[in-house]
Each structure stands twice: as structure tokens, then as C-alpha cells.
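Quick notes on the structure that follows.
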2 protein chains.
Amino acid sequence: MSKLTDLPKRILIGRALRSDRLGETLLPKRIALPVFASDPLSSVAYAPGEVLLVLSIAGVSAYHFSPWIAAAVVVLMFTVVASYRQNVRAYPSGGGDYEVANTNLGPKAGLTVASALLVDYVLTVAVSISAGVENLGSAIPFVVEHKTFSATAIIVLLTLMNLRGVKESGKLFAIPTYVFVGGVFLMLAWGAFKGLVLGDTLQAPTADYEIKPEHPGLAGFALVFLLLRAFSSGCAALTGVEAISNGVPAFRKPKSRNAANTLALMGALAVTMFCGIIALAMASDVKMAEYPAKDLYRDGAPVGPDYVQHPVISQVAAAVFGDGTFFFVLLAAATALVLFLAANTAYNGFPLLGSILAQDRYLPRQLHTRGDRLAFSNGIVLLAGAAVLLVWIYGADSTRLIQLYIVGVFVSFTLSQTGMVRHWNRLLAAERNKAKRRHMIRSRAINAFGAFFTGLVLVVVLVTKFTHGAWVALLGMVIFFGTMTAIRRHYDRVAEEISAPEEPADDTVRPSRVHSIVLVSKVHRPTLRAVSYARLMRSDRLEALSVNVDPDETRALQAEWERRGINVPLKILDSPYREITRPVIEYVRSLRRESPRDAVSVIIPEYVVGHWYEHLLHNQSALRLKGRLLFTPGVMVTSVPYQLESSEAAKRRARKRQDWSAPGAVRRGPVDRRTKEPSGKG
Amino acid sequence: MSKLTDLPKRILIGRALRSDRLGETLLPKRIALPVFASDPLSSVAYAPGEVLLVLSIAGVSAYHFSPWIAAAVVVLMFTVVASYRQNVRAYPSGGGDYEVANTNLGPKAGLTVASALLVDYVLTVAVSISAGVENLGSAIPFVVEHKTFSATAIIVLLTLMNLRGVKESGKLFAIPTYVFVGGVFLMLAWGAFKGLVLGDTLQAPTADYEIKPEHPGLAGFALVFLLLRAFSSGCAALTGVEAISNGVPAFRKPKSRNAANTLALMGALAVTMFCGIIALAMASDVKMAEYPAKDLYRDGAPVGPDYVQHPVISQVAAAVFGDGTFFFVLLAAATALVLFLAANTAYNGFPLLGSILAQDRYLPRQLHTRGDRLAFSNGIVLLAGAAVLLVWIYGADSTRLIQLYIVGVFVSFTLSQTGMVRHWNRLLAAERNKAKRRHMIRSRAINAFGAFFTGLVLVVVLVTKFTHGAWVALLGMVIFFGTMTAIRRHYDRVAEEISAPEEPADDTVRPSRVHSIVLVSKVHRPTLRAVSYARLMRSDRLEALSVNVDPDETRALQAEWERRGINVPLKILDSPYREITRPVIEYVRSLRRESPRDAVSVIIPEYVVGHWYEHLLHNQSALRLKGRLLFTPGVMVTSVPYQLESSEAAKRRARKRQDWSAPGAVRRGPVDRRTKEPSGKG
């Protein structure tokens, strides 16, 4: 690639900024963990509760299945983490699930994963914000009493922050995430100490409540189905695990190993927290019901519709630390904050995925160029709008939203892992080195098991959750899939239409001469500039053209033209209806008809102004004319700008916009690495 | 003025349309009367009621002053009609109040009149629609029970019709107007016959009601004030009289005389109907109160808030024809329809005035060019929005809206008549012919009396109505005045900034050479076309420029460029952040810095597409870049369009738009007359 070496050094001032950014961007593990793990770690705030909630349908006696379900989730977590450690090593360029599926399984699989991920990002926002509001509500009742409003307000706030362009700062993520993890571990340790060493009885706020089972005495197939449903809900703990595989380029070297280790650490933390919370919930007799208003009894009577069912993590915290104590409030706040950060990761991931999809022409091309504020803004607004819609439809109820959540995650898990199996197969076909082959076979086995297990879970989730809301997620995926297919088809059709023929003679007749026309309304600086630029172009014919909209003005123009001796013939077009566009278009067409081999160059002096309201006062006719001229074949349209003094304001605004930092910049890593390293694409 | 004689005859196909339109446009008197008079004639539907309503404040005994008030209105009507007959004769080009005031009294007076007229148009819509709904409501109760909603719906309907571009058809106006006038005269005749010949007692629906006066036994100054207020309300009958003076060019020859005679006929009809309705209202004992709910008594008790006070014209019709009879319903429908047509005249007059104001640079210039759909649409939406706002604020209550209405009318009457006096003074100073002088002196006397009388009424209206709502109209005028002054000031400042210096050397250094750059992303037809056009221009240096956003694509581009042997050097700019705009801008700036006397010509291949959603998929980077380049001095930007197949759709749409007929086309008359005849401007 030819480097730009002949640019004056002054431009290098821009370079300084670039290396600055680069340094900032590379993440040490201790920062990378919170940046990428706020999403999966935060899910332990709601996943354990969802398990208990589903089990309660068969009555509180079914709670004793919860350790088994926790164990299944743990096995699944280990499988997924082990699988993604292979992804991270095989695709150090940051091959996310989309790239892995696209490369190894073909574009349809890739697009399916992409659709699933897009739905997932929307749900990450909706679920995390709703759960965050519920956790905050255990400390501040007002928030949970106006759940939908609070959730919407927080989404709007996050959206404005991201539109404005907050830099995704590692430290911003680190503090609440570590406080949250520390708080949960402190809670687990203190609870275990109290229960096992001091022998205290842990009493959750709902310890004395009773549950009226929806289906008491469930057994046989029905019980298995319920357990599978509970397991499906518990799988919410796995959402967001795949995020690291997109973000390898953001790690410090050795990138792959650091990413893999961070992944393992994250898995270990999540599993411990998940199991610990379930264990403490059992120990402190937490009671949760799917429909608490009618199925949860206090002193023999249903608690009624005013009852607020607090998340399991906050009930456990109340049992361990005591309700309203400092640690209780701190943990509630940290939990809510981590959940909001988890939602924010979707704001960062959405444009990143959009940019990759745009590169493959599934989305508008301008999404591909980084730092294109307008394109990013559209994506962010779309994401936020969809999330707010879901929050309103589901009343910001995290339990109901989670039913939609897990489908997309497991669609991409399964396809990504299947793709990895293909990846190893391909490499194995070419590899002769025995040690390397052994290593690859082992990796393939891990990914194959991952694909099998996550595929199984996907089936379970689909079967147990379909009517509970999973169909909504599938519908969303179909809509994304259809839209992106249509966009790609459009681009392909256009590409075919405009593809250059091999034989130049094949093309339409090349123009031989240029007839230039300068549009003139008055003799003023912009006109004079346009005329003098037009002269420079040395076209074969040059004339000035004016439309006679007002006879007095036209006469004045002609007189002034002659008086100044402007050496370009001035032609006047009559316009009986005071139109400008039509006479000019008709004149240009007549020129083309007279000599079809000539091109017509229309030169328009244009005012450059600084404020939107000035646009209403200038250039409107010119713009309209330009729009129409573009439809006329054989015409090119040249704007000769004249910068009015007020344009300085707009220039300053444009410069400011350019320095905007796009969301997701940190987790993406420096861009030149990403595009220059072999990207594993076929 | 040089004529366009070298255009091929094919273009004359357009001419045919023009003469068509011309024939359609010239109005015989019998059609001109309904076109211009629906506004003033329709006001007899509410003006008599307003008089009774104000008088009722002093009790029903004050009703006997109503003939005196009617007489005063008649005298005023004759004065105004006589005055405007002078206007019509002196300004056959259609000098409306704005032009008369502007020419003879200076720009401030002109702008005051313009502001008053703009406010007036808004109020014409609000008042006429509200009164129409009230009249329709006497036949269809639902309409008046949902007054605000109905009025809004009708305004929206009218707006959509006008946005769509309904041709203002003479016949459309003629039928309801003549049915209305015929119906009223039939009612007057039949009522007089029944009362005077048959000796029947006419009984209005409210004949047996009693009025509790707000201020019983009013006398002295207070009574005079009340009578003046009643007179002010009666003056609503004069609104719209001035419309003909704008429309002289639309009349058949002899234009001025036909217009003057139509004016006289309109005045006679309005006065007869106004007085007849008042007389029948007195004869049939109509009772109207300002606050009927508490001041109107039936069988000794107030009628209460559910009572709907029907317009005086419908009460009289009920007395004469009988409630619910065929003629009653026909008259109610015709009255409502004429009132809606009156509202529609504002939709026609507003853009006409806007176009004249735009010519004087008080409004954005594009309003001046006729048939500019977008500009007209903005005006129509503004008018409708303001009218809907008033309808909502005042609950579509015509009585309350009328308080705002009359100020604007009399501001323009007074200033216009004063302007006419000046006009005659000027002519008299130059005229020596005795007969002509005598004629002028007589005209001046009429206009002087008109100015005096309308000025007096203006003072009366201001004094009696100020607190009742006239201040709102004044505020509206001030806002229009301020906005238009600011726009004019902006245009003047820009005109000064861009005015061409006398000495060419005075200007910035003229560029001596052109460096052309063709922006290239791929080798396809649009690019090849842009390159071949760029070659035609024979600039001093020509190079192709591409931004390296994706290294693979850039390498492919370079290979293809060489393979095809395209004879233009290809330069690649690096873009570490996948930006397009910034590297190009910086490169252009560096070129300008290297040789400041050269101009840079940036040539951009542009896709022309047919649907809005395709715009989202194409040209976005090019558009953004173009926007930024315009701020860079010494640069011209050329679009080389490539019409995709889908662009045909947009072309068809654009053609359709071009044939759109602007509102107000009929009443304006053919445009070339208007601009070619001496326009009376100083």
C-alpha cells in the first residue's frame, strides 16, 4: 500500500492524537475484566432468582432441585468459557461470533448470528436496566413503584450520554464492578461465617412466607419440563460471555493469552457468585413466586398486588447484613450500577457489530467508517427505541423480559461453536505437525462439546420458553435478518448495475466536449468567483445563464454585465411562471439534444452560511435545481462556494463534531491492527 | 429583454399548457364575484349576531339601537367600497394594500400593512371555520357538540387539499356562493311577505327567552361605549372587501371597470343581507347573550352550560322556514360551505402576499418564484398551524375570535386609504389637464374620507376591543413585523458583504490554475464517468484520490487501476480511523497551502437513486464530504451524477410535482401581466 509521504508535516499533528489514543486503548487485564465482564457478572443479580421463581410453580419443595440446576449451569459455564478460550486463540483479530460463523459456516449462518446478536443487544439494555431498577428499588422504593418510568428515564440518560460521546473509560467500569464483586463475596463469606461458624439462623424477609404452588405435586415428564425451564432461566447467567471474543485487539500483549485468562477468571467469578447466592438463598429461606400477588402467602393470606418481590440478591443481603444497613445499601447500589454498565456495553457493542456488518454490506456503508457520528447516532437511537418499547410492553419486568433474552445468546453460541469445529477441521486438513495436530484435535473436541451442549440448551430454551416470549425474540431476529438481506441484495444489484465493462467501447459514448453554463442572478462576489473559476476550466463553450423571473432585475443584470465588460456571453431564459428550475432543465436538455456527444457542466455559485435558519434564506432554488439536474443525463453540477462571514460558526461546529469519540472505541482496540492483521476471513 | 429565440420548438409544448392556463384564469364577473366575495359575503352569517350579542349586555331593550348600528355599518361599507373602487382603478396591476402603503407611505407602513394582513389571513381561517361549524351545528348537532375537534378536522382537510394542490376553480366557488346569496334573499323575501302581507308573527326559537342584562340600565358614556363596541363587532361584515384590489389582473377586460363593478355589487349584496337579517332578527324576537349559560333565561331559569346558542342567521331561518325544513337545512349547509370557502381564500391569499413580500426580501426569496411547491407548502402549514392554535385556545368560539379579527382589517384599510391620498397628491402635482385633475380631486376626496372613517373605526375597535382580545392580534402583528424586519436586515447585510467591488484588483487574488481531484472508491461506471468528465475539463493537474479505509479494498482498487491502464495518477490517503472526510479535507488544504493561487476542483461521482431509503444506503459519505469541502476556501465541488435504474421513479415524481398548481393561481391572474405592466412602484 502506498503511504502518504508527500503530505506536509503539519498534518502530523493529527498523528500525535492517534498514538495518544492508542496508548489509552490497550487494556491491562485488571481493567479488561470489568470492561468486558460487567454484562456476565451482573447477570448473577437476576439469574438465581429466576431459577427459584420457576421452581416455585411446583411448590417450595421443588426448591431442593436448585443445587442440581446450579450444577448444570456451572457445567455449562465451564463448557462455554472453555469453548470461547479456543475462539480467542484462533481469532486474535477479534473474531466475534458473527465472523466465526460467517467464515466457517457461510453467510446465512453469519447473518443469523448477527440478527441474534442485534436482538441480544436490545434485550441486554431492556433486561439490565429493568433488573437494575428492581435492585435499586430494594433500597429506594420510589424507583420500583415507578418502574417503567424509571427504566425509561435511565435508558434515555444512557442514550444521551452515548450520543454526546462519552469515552468508555476503563476506570469508570472498574470501580463499581469491583465493588459489586467484592460486596457479593463479602456477603457470601459473612453469611457462611454466620451460618456455619456462629450457628445463627439466616432469615430472609420472605422466610416466613408460604408459596401456594401453581401445580402442586408435579411429577414425571411435567416435573422434568419444569426443571428444564428453571435451568433455561438460570442460563441467563451466561449472557455476555462472548463479549471478550470481539475485544481481543483491545488487550495488552500477549493478547490472546490475556484474553483467554480474563475469560477464565470471569467464568470462575460468575460461577462462584451464582452458586453462592443460590446456597445462601436456600439457607435463608428466600421465597419467590412467579405471580407473587396471588401465590405468595403471608400469615395465611395472599400478599396481594401491592407486594413488591425484591430480587434474590437483595433478600440474601437483607438476611446477611440486615435490611437497610450500610452494606445492604452499598451492595444494592453497586448491583444497580453494574447492571446499568452492562446495559451500556450494548451501546458500545451495537455500533461495533454494525460496522462489521456494514463492511459486508448488510447495513448502510457509512456505518463502516469509524467515528461517523451521524451513523452511530442512528444506531444508538434505534437500540434505545427498541429497548424502551420492550420496557413499556413488559412493564420493565425483568422476569418477563428474560424469557426473550436467552434465545439469541444460545443461537450465537451454538453457531459460533459449530463454526469453530469447521475451523479446526479445515486447519487439520492442512496441518502435518503432530504436536500441533494434537493441540488442534483437543481444541476441536472442546468446541464440538460446546456446540453440542449449547445446541441442546438452545433446544431446551426454545421448547420451554417459546410461548413465554421467546417467539418475540425470534420474530425480532427474522426482522433483522430480512432487512439485512434486503440491504445486501440492493447493494449487490447496484454493484452489478454499475460494474465497469471490460471494453471501454462497451460503455455509453464518451463525451467529447464540454459546454459550461454559469448560473447568474446578480453581479456580486459569488457570481464573479463562479465566473472566474468557470473560465479556469477552459471548457469548449462557456456562457452565463440567468432566468428572467423579474423583468426589472433582469434588465439591471444585463446592464451591469455590459458595464463591467464581463467577457462571457449572458443568456436570458424567459420564465412565464416565475419558475427557475424548469427553464434551466429544459435549456440543458435542448443543449444535449443539439449535440448529444457533449457534456454540460452547470456551475452554481453557492452561499455557505453558518446557521440552520440562514439555509432557509439562501440557496433553496440552487439546491432544488441541483437535485433536478442530477437526473438529467450528461450533466455535471459544480458548486462554487462563497463563504459568508457567518459560515465561521458552522466551521467551528464541524471541527468539534470531528473530535467526537464514538461509543465502543475502547473495547474495539486500535483500528489499524484490526484491519491489517489477517482476520481469518476465508 | 432578450427573448429566448434559439430554443428548439419542442420546448413550446410547455407553452401550450401556459396559454391553456391563461384562458382558464381570466374571470368573467359572474365567476369573479363568488371567487372574491365569499369572504365578505359569508361574514353576514356572523356579523349581525355579534351586534345583538354586545347590545344584550345592556338588556334586550338595547336591541332597539341595532338599526342605528346597522346604518353605521352600511355607511362604512359604502365608504370602503367607494374607496377601493379608486384603488382598483389606480392600480390595475393588482396593487393590494401592501403595495399601496409601501409605495406611497414608505416601507414601514407597507410592512405594517403586510403584518396586519398576515394576521388577518390566520384569523380568516379561524373565524370562518368556527362560524361554519356553528352554522353546520344548527342542522347537525354533533358538529357543534365537538366544536374544537370539528373545526380542527376541517382546517386539516382544507390544508391537505391545498397542499395537494387543488385548482381554485371558479365554478366550485360559484355554486355554494350563489345558493347562499339566493337562500338569504329568499329568506328575507319570504319573511317580509309572511310578516307584512300575511300578517303572521315570526317566532325565533329564542323568542320566548329572556335576557338578564349584565349591566342593566346602562346610560351616558357607558352606553355610548357599548354601542361603539357593538358597531365594532358589526364591522366584521367588512372583512375581505379588499381582496378584489389584489385580483384585478384576474378579471376580463376592461379589468379595472369590471373589478370596480364587482366590488360595488358585492357591497350592495352584503349591505342588503346584513340589514335584512338584523331586521328579521328584530321582527322574530331573536335573543342572543354574550354568556348565554347564565344570562339567557327560559321559563325564569338560566339555560345553563349545555345550551347551544345558534347563529342569528339560523334562528331567523327557523322563524321563516321552520326548524328542520328543507330550506332551513339547505341554507345552513350553504352558509357553512360559503364560510369554509371563505377560509380557503386565506390559503390562496397567504402565498400570494408571501410572494410579493419575498420579492421585497422580507421573506425567503424562494417564496417569490411561483409554483415552488415546497415554499408554498411551508406557508400553508404555517397558516394552518396558527389557525389551529387559535381555534384550540378559543375553543372554536367565533364570538371570541372575532374580537381579534377586526384590528388587522382596519389597520390595512386605514393605511391603504392614506396611501391613496398621497398617491393622488403626487399625481395632482404633475397633472395639468383640468378634467383629469377634477377627477383626481374627487378620487382623493373619496379616499381621504375613507382614510378618516376607517381610521376612526380603527381607534374605536382598538379602544373597545383591546382587552377583549385585540391585543393578541396586535402581538401577532408585532411578531410578523419583527421577523420580516430581521429577514430583510439579514438579506441586506449579505448583499453588502457580497456586493462586487468596482475594481477587479480589489477582489481576492484570482486563481491562476486548477488542480482537479477525482474521488474514487472502486473502479465502476460512476467512477469511469467521473474520470472521463474530469479529463474533458483540461485542468492543469488531474489526479484520482482514494482514502484507504480498508487495506484489502485499497489494494484491489490499485490493481484494477493499473490493469485497466487508466491514464490518471491514483493517490491513496491513509486513514487510521477509517474516516473519509478528514483526510480529504486535510489533503485539499495542503494543496492550497502549497500553491495558494491555485483553485482545487474536487470531482465526486454521485449515485442518483429513486427512493428515500436508497439515500440512506448511498452517497452519505460523499454528501458529508461535500458539505465540509464547501467551507474550505478556494475549492469547487463537482458532482458527476450516475443515474441508477431506480432513479426513474424519482424523475417521474419530480415531473408530477412540477405540474402542481399552486393555491391562489386563479385569483392572481396570469403572472406575466403582473410583472410586465407598470406596477406603480416608485
Please compute the net charge surrounding residue B:127, taking Lys and Arg as +1 and Asp and Glu as -1 over other residues with Cβ under 15 Å from its Cβ.
-2
Summed residue charge, Cβ within 12 Å of residue A:144's Cβ, Lys/Arg positive, Asp/Glu negative:
-3
Looking only at other chains, what is the average number of their beta-carbon atoms within 10 angstrom of each beta-carbon in B:527-534?
4
Helix runs (DSSP H) in chain A reaching 27 Å along axis by Cα, Kyte-Doolittle at least 0.0
A:66-90, A:107-139, A:170-192, A:255-283, A:326-359, A:373-393, A:398-430, A:434-465, A:470-498
Identify, among B:388, B:256, B:456, the residue whose Cα sits farthest towards the positive end of the charge dipole of the stretch B:41-491, taking +1 on the Cβ of Lys and Arg and -1 on the Cβ of Asp and Glu, with the dipole about the Cα centre.
B:256
For the stretch A:499-637, rounded, prolate or oblate, judged on the Cα gyration tensor with a ≥ b ≥ c (square roots of eigenvalues), a/c < 1.5 rounded, else prolate if a/b > b/c?
prolate
What's the center-to-center distance, using Cα atoms, between the stretch B:47-119 and the stretch A:65-108 in Å?
83
Treat every Asp and Glu Cβ in the protein assembly as shown as -1 and every Lys and Arg Cβ as +1, leave all other atoms uncharged, and give the resulting dipole magnitude about the Cα centre to the nearest 20 debye.
5940
Residue order, fewest to most surrounding Cβ atoms within 10 angstrom, among A:392, B:612:
B:612, A:392
Dipole-positive endmost among B:642, A:376, A:41 within the protein assembly as shown (Cβ charges, Cα centre):
B:642
When the convex hull of the Cα atoms of the stretch A:302-397 is projected onto a plane and the area is averaged over all directions, what value comes out in nm²?
9.1
Roughly how far apart, in whole Å, are the Cα centres of the stretch B:613-646 and the stretch A:229-306?
50
CD proxy, 222 nm, chain A: helix-only mean residue ellipticity via -39,500 (n - 2.57) per DSSP H run with n ≥ 4, per residue, nearest 500, stands at -21500 deg cm²/dmol
Linear extension gain, residue B:307 paired with residue B:478, 0.36 nm per residue minus alpha-carbon span:
57.8 nm
How far, in nm to one decimal, is residue A:164 from itself in the other copies if the label point is set 7 angstrom along Cα toward Cβ? Shortest first, please.
4.7
Along the positive direction of the dipole of the stretch B:511-662 (beta-carbon charges: Lys, Arg +1; Asp, Glu -1; about the Cα centre), which of B:544, B:557, B:610 reaches farthest?
B:610
Can you tell me the dipole magnitude for the stretch B:511-662 around its Cα centre, using point charges on the Cβ only (Lys, Arg +1; Asp, Glu -1), in Debye to the nearest 20?
540
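Rank by packing, highest mean first: peptides B:585-593, B:617-625, with packing defined as the count of other Cβ atoms within 10 Å averaged across residues.
Listed from highest to lowest mean packing, they are B:617-625, B:585-593.
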Under 14 Å from the Cβ of residue B:269, count the other residues' Cβ atoms, weight Lys and Arg +1, Asp and Glu -1, and hand me the total.
+1
Size of charge dipole - the stretch B:41-491 - debye, nearest 20, with Cβ of Lys, Arg +1 and Asp, Glu -1, no other charges
2660
Sorted shortest first, the nm distances from the residue B:200 label point (7 Å along Cα→Cβ) to its counterparts in the other copies are 9.8
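Looking at the square roots a ≥ b ≥ c of the eigenvalues of the Cα gyration tensor of the stretch A:99-242, which shape do they give, rounded for a/c under 1.5, prolate if a/b is larger than b/c, or oblate?
Details: a/c = 1.74, a/b = 1.24, b/c = 1.41.
Oblate shape, in that a/c is at least 1.5 and b/c is the bigger or equal ratio.
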Give the shape of the protein assembly as shown as rounded, prolate or oblate, defined through the alpha-carbon gyration tensor: a ≥ b ≥ c are the square roots of its eigenvalues, a/c under 1.5 means rounded, and otherwise the shape is prolate if a/b is larger than b/c and oblate if not.
oblate
Any idea what the residue A:493 label distances to the other copies are, label 7 Å down the Cα→Cβ vector, nm, shortest first?
4.9
Using a 10 Å cut-off around each Cβ, can you sort B:245, B:66, A:646 from fewest to most neighbouring Cβ atoms?
A:646, B:66, B:245
When the Cα centres of the stretch A:322-397 and the stretch A:426-483 are compared, how far apart do they sit, in Å?
25
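Read-outs: derived from the displayed coordinates by stated rules, not from any lab. Everything numeric in this text was worked out from a predicted model, so none of it was measured. For neighbour counting, all protein chains shown are included, and Cβ atoms are generated from backbone atoms with ideal geometry for every residue, glycine included.
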